[in-house]
1. Angle, helix 318-328 long axis vs. longest principal axis of the chain, Cα atoms, 0 to 90°, nearest 10?
2. In a shell of Cβ-Cβ distance under 13 Å around VAL156, excluding VAL156 itself, what net charge do Lys and Arg (+1) and Asp and Glu (-1) give?
3. Once you place label points 7 Å from the Cα toward the Cβ at ASP96 and HIS233, how far apart are they in nm?
4. Can you bin segment 61-158 into rounded, prolate or oblate? Criterion: square roots of the alpha carbon gyration tensor eigenvalues sorted a ≥ b ≥ c, rounded for a/c under 1.5, prolate for a/b above b/c, oblate for the rest.
5. Nearest 5 percent is fine: what portion of the DSSP beta bridges confined to segment 174-298 is antiparallel?
6. If we count other beta carbons within 10 Å of each Cβ, what is the order of VAL350, VAL277, VAL329, fewest first?
7. Using the Cβ atoms and a cut-off under 9 Å, what net charge is assigned to the surroundings of HIS139, where Lys and Arg are +1 and Asp and Glu are -1?
8. Can you tell me what share of the DSSP beta bridges in the chain is antiparallel? A percent to the nearest 5 is fine.
Amino acid sequence: MSASLIERVRERLAAESAPLRPNAVAAAIRAESGGLLGDTEVLSGLRVLQTELTGAGVLDPLLRADSTTDVLVTAPDAVWVDDGNGLRRTSIRFEDDDAVRRLAQRLALAAGRRLDEAQPWVDGQLAGLGDGQFTVRLHAVLSPIAPAGTCLSLRVLRPATQDLAALMRTGTIEPSAAALLDEIIAARLAFLVSGGTGAGKTTLLAALLGAVPAHERIVCVEDAAELEPAHPHLVKLVARSANVEGVGEVTVRDLVRQALRMRPDRIVVGEVRGAEVVDLLAALNTGHDGGAGTVHANSPAEVPARLEALAAVGGLDRGALHSQLAAAVQVLVHVSRDHAGVRRLNEIAVLSAAADGRVRAVTAWRTGAGFDCGAERLRNLVRERAPA
């Protein structure tokens, strides 16, 4: 099939707005070719168009691979994948930048977003890919904003279902740390899981929530549905972006407020990345012990400063943030990913307010070294709040 024939078939299918069933695509191919193609040519064209018009096209095999976390396109002949061992270049190629652009625009439309010259970038969520087995976070930038051509970034978000025992078997968590985490959960201490991008924050949070007693009700708020802990009473609320008309947005902050009215035993925010930190801290300071969330940070020591920046967006100044944080959150659990792609819990810290009112993270346990100077304070918190 020629490029012009493919383009004509694509335009016909777009005009018909019919479901992209194989028979409809085959009929469009025959119509646009004037009936000159035989069965073999139609079948070949059908495969080409299904690749171009459904799913993520030629990127589908990469996204479906169990170990894939990111797929990045920086040029028609530069497709990269991170499958747990760092980024590597693949053999996948697009015909030209127009092919990358068409894919990016189609994915943006599937996410209910707009991507064109007037709106040359997009950030959205794609659900139902891989037969509904995973969600993809989409980001794309068109030229001339990206001078070298369309840049496409796809982050694969698979349900986090592993428990603490599974993470211990893989070496992610040391036995001494696992015992300490069990105590933190049982004592209903509020905690944040910190770490960099792709470090395994959501996986660890899901495992910790799976250890929450079965009689407790967890209300979980997420920007994208990732958490799937093995817990019998989990209520999930997922934020929604505005549609192409710019309406219909439901923010994480909106949902945190709704969660307070749903009789939660524990409130969880899948990822604290904006002004919702204000509502989460307020919730944890109104009798909702044992809450949790994740936050981007390179170390526990950086978490208070990170929360300061997020709280400022929500109108909370530094003094108020540290006052709320000191009362609301007790523990930080930090995960990291080394150069070989191995994810590991490497620090547990306890939050403590200094004389100047600022909250600081004090290490209670560190991988390879065991218990540290904050261990005694953490033990005291566990004893004070442990169930009778």
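No lab work stands behind these numbers, since they all come straight from the coordinates. Keep in mind that this is a model prediction, so the values were computed, not measured. A quick note on method: Cβ atoms are made from the backbone with ideal geometry, for glycine too, and the neighbour counts reach across all protein chains shown.
1. 80
2. -2
3. Computed distance between label sites ASP96 and HIS233 equals 6.1 nm.
4. oblate
5. Just about 5 percent of them are antiparallel.
6. By the 10 Å Cβ count, ascending: VAL329, VAL350, VAL277.
7. Local charge sum for HIS139: +1.
8. Among the beta bridges of the chain, antiparallel pairing accounts for roughly 65 percent.
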